[in-house]
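In what follows, a single structure is set out as structure tokens and then discussed.
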């Protein structure tokens with residue numbers, strides 16, 4: 001059976017659309033945006049800390065491997081990719097979890113909570129900038145600055161959240 005050209009084009013377009021939808025669905029795995037109401041803020045900060053530690057380890061390995069004349073460029077490239085991936089994943093937590101779902105917008109400067117809202121936005125922006133700088137460099141000072149921004153945001157956010165709502169402590173096994 002011979003398939004007409006318009007039918008082949010339709011099938012190809014359908015496959016391309018399906019691939020795009022699946023790609024977006026697979027990429028959006030950080031946290032649902034239904035919203036589901038299932039949040040674990042301390043866990044997100046633990047994840048952010050782990051990303052910073054992984055970025056720091058990657059930078060250490062990049063610098064160590066780069067010290068020799070016969071540097072293993074493949075391994076260096078893999079550590080650079082690892083560093084950049086973890087910086088991106090940290091930025092996704094900030095944007096997809098905190099900015100999109102947890103930090104609630106306030107209408108204007110005269111509304112209650114405006115100052116806290118602005119402080120949280122600034123803290124998130126600092127994390128995003130520090131994550132970008134970690135991608136641009138192999139200097140350990142960038143991870144120190146990145147960890148400091150995460151710590152500052154944690155202190156600001158969790159203190160305010162604890163005042164706003166009492167959350168049960170997570171179960172520890």
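Scanning region 57-77 for residues that are over 17 Å from residue 137 (Cα atoms), out of contact with any helix residue (DSSP H, G or I) (no Cβ under 8 Å at 6 or more places or on another chain) and either in contact (Cβ under 8 Å) with a residue 12 or more places away in the chain or not in a helix (DSSP H, G or I) (or both) turns up 68, 69, 70.
Taken together, the residues in region 42-56 that are out of contact with any helix residue (DSSP H, G or I) (no Cβ under 8 Å at 6 or more places or on another chain) and farther than 14 Å from residue 142 by Cα amount to 3. For the residues 13, 94, 106, the requirement of being at pLDDT below 95 and part of a helix (DSSP H, G or I) singles out 13. Tally time: how many residues in region 130-157 are part of a helix (DSSP H, G or I) and either modelled with pLDDT under 95 or more than 19 Å from the chain's Cα centre (by Cα) (or both)? Count: 2. The set of residues in region 106-153 that are under 26 Å from residue 64 (Cα atoms) and out of contact with any helix residue (DSSP H, G or I) (no Cβ under 6 Å at 6 or more places or on another chain) comprises 129, 132, 136, 137, 139, 141, 144, 148.
The values are calculated or read from the model by the stated rules, or taken from the named source; none is laboratory data. On a predicted model such as this, the values are computed, not experimentally measured, just so you know. All Cβ positions, glycine included, derive from the backbone under ideal geometry; neighbour counts span all protein chains shown.
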